[in-house]
Amino acid sequence: MTPSAPIIHIEHLTKAYRGRPALVDLDLDLHPGRIVGLVGPNGCGKTTLLKCLNGMIRNLREARLSGEILLNGESVSALRTEELCRRVGLVFQTPTPFPMSIRKNMCYGLRYYGKRDRSELKRITEEKLRMAGLWEEVKEELDHSALKLSGGQQQRLCIARALTVEPELLLLDEPCSSLDIVSTGQIEEMLKRCRERYSIILVTHNISQAKRIADEVVFLHQGRLLERGERESFFAGAKREETRAFLQGI
């Protein structure tokens, strides 16, 4: 079988804040239809990498970027910010529902990008909330404030909201770190369903979570990509001393 073309191709990516390197000469190809677990110690560059992929880094004047990022063959630097944000969704650690109804949260991005047909808005809202395992919980409360949802429900709503505009890549930065075991399990099941349609990069400090749901694991250390591999081989036989020390909690 011919391998699929990478959805993301990163070549010699270097990022520095105020002269201090955050990413150093990073090369990486990521293929579609997979969950990639991005792991490493605090400050190793995981969140910086997500912000480079999503374009958020453009707003930081003190940041300097070199290298190349291609999204399905197109240079990220050539894309307008709003187009890049549509194609690469980003969900942060703390749930960030908008202070409006569940329905308006779900329709916000769709309306921003020009969708107005009510039946289509309704269809997409239900489809994505079902994908998030949230539809049965909120279908009678769509016009209630999203801020009244539990933390786990809010995070699932935020992920569902990001999916409404059909991103090519979904980035998740520690989406379960502030959630309980039940909510974490619900989001993990959601992500396993989503991998059939979306490519996902998951930043996590939870090694058990990476073992449960990642197809591939990438290890960053001091801004450098030190090791990567399929889930089973990565955890069974890490080659670098730094990787083994991290996995052992040293």
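Some notes on this structure:
- Cα gyration tensor shape of the range 2-134, rounded if a/c is under 1.5, else prolate or oblate by comparing a/b with b/c: prolate
- Computing FRET efficiency as 1/(1 + (r/R0)^6) for Asp180 and Asp143, where r is the C-beta to C-beta distance and R0 is 30 Å, gives about 0.65.
- Cα gyration tensor shape of the range 66-202, rounded if a/c is under 1.5, else prolate or oblate by comparing a/b with b/c: oblate
- Ala22 long-range amide H proximity, modeled H, under 5 Å: Lys15, Ala16, Tyr17
- Approximate spin-label separation Arg20-Arg130, in nm, with each point projected 7 Å along Cα-to-Cβ: 4.9 nm
- Note on Ser75 and Arg197: with the Förster distance fixed at 25 Å, the Cβ-Cβ geometry gives a FRET efficiency of about 0.50.
- Against the main long axis of the alpha-carbon atoms of the chain, helix 118-131 sits at an angle near 50°.
- Rounded to the nearest angstrom and listed largest first, the equivalent-ellipsoid semi-axes of the range 73-123 from its Cα gyration tensor are 24, 17, 8.
- Integer Hz, Karplus 6.51/-1.76/1.60 couplings in order for the range 197-203, x for Gly and Pro: 10, 10, 8, 10, 10, 10, 7
- Volume of the Cα convex hull of the range 49-100, divided per residue and given in Å³: 113 Å³
- Based on Cα contacts under 8 Å between residues 6+ apart, the chain shows a relative contact order of 27 percent.
- 3J(HN,Hα) along the range 185-193, derived from phi through the Karplus expression 6.51 cos²θ - 1.76 cosθ + 1.60 where θ = phi - 60°, amounts to x, 5, 5, 4, 5, 4, 5, 5, 5 Hz, with x in place of Gly and Pro.
- Under the Debye formula (equal points on every Cα, no solvent term), log10 I(q)/I(0) of the chain at q = 0.09 Å⁻¹: -0.40
- Packing-based ranking, highest mean first, of 8-17, 53-62 given that Cβ atoms within 10 Å are counted: 8-17, 53-62
- Of the solvent-accessible surface of the chain, computed with a 1.4 Å probe over protein heavy atoms with every protein chain present, carbon and sulfur atoms account for 49 percent.
- The packing ranking of peptides 227-239, 168-180, highest mean first, is 168-180, 227-239, where packing means the average number of other beta carbon atoms within 10 angstrom of each residue.
- Each residue of the range 43-58 was assigned a 3J(HN,Hα) from its phi angle through the Karplus curve 6.51 cos²θ - 1.76 cosθ + 1.60 (θ = phi - 60°); the sequence is x, 7, x, 4, 5, 4, 4, 4, 5, 5, 5, 8, x, 5, 5, 4 Hz, with glycine and proline shown as x.
- Largest first, the three principal axis extents of the alpha carbons in the range 181-250 are 34, 25, 23 Å in whole numbers.
- Protection proxy ranking for 211-218, 24-31, using the average of other Cβ atoms within 10 Å per residue and placing the highest first: 211-218, 24-31.
- Summing +1 for each Lys or Arg and -1 for each Asp or Glu among the other residues whose beta-carbon sits under 9 angstrom from that of Gly45 gives +3.
- Charge-dipole axis of the range 129-250 as Lys and Arg at +1 and Asp and Glu at -1 on Cβ define it, positive-most pick from Ala210, Met131, Leu171: Ala210
- Mean sequence separation of contacting Cα pairs (under 8 Å, at least six apart), scaled by the length of the range 1-135, corresponds to a relative contact order of 22 percent.
- Probe 1.4 Å - accessible area at Tyr108, Å² to nearest ten: 120 Å²
- In this structure, the amide hydrogen of Arg34, modeled 1.01 Å from its nitrogen in the peptide plane, lies closer than 5 angstrom to those of Ile200, counting only residues at least 5 positions away or on a different chain.
The values are calculated or read from the model by the stated rules, or taken from the named source; none is laboratory data. Note that the structure is predicted; figures quoted are calculated from it, not measured. Reconstructed Cβ throughout: ideal geometry from the backbone, glycine too, with neighbour counts over all protein chains shown. In case anyone asks, the SASA skips ligands and DNA or RNA and just uses the protein heavy atoms, side chains included. Shrake-Rupley method; radii C 1.70, N 1.55, O 1.52, S 1.80 Å.
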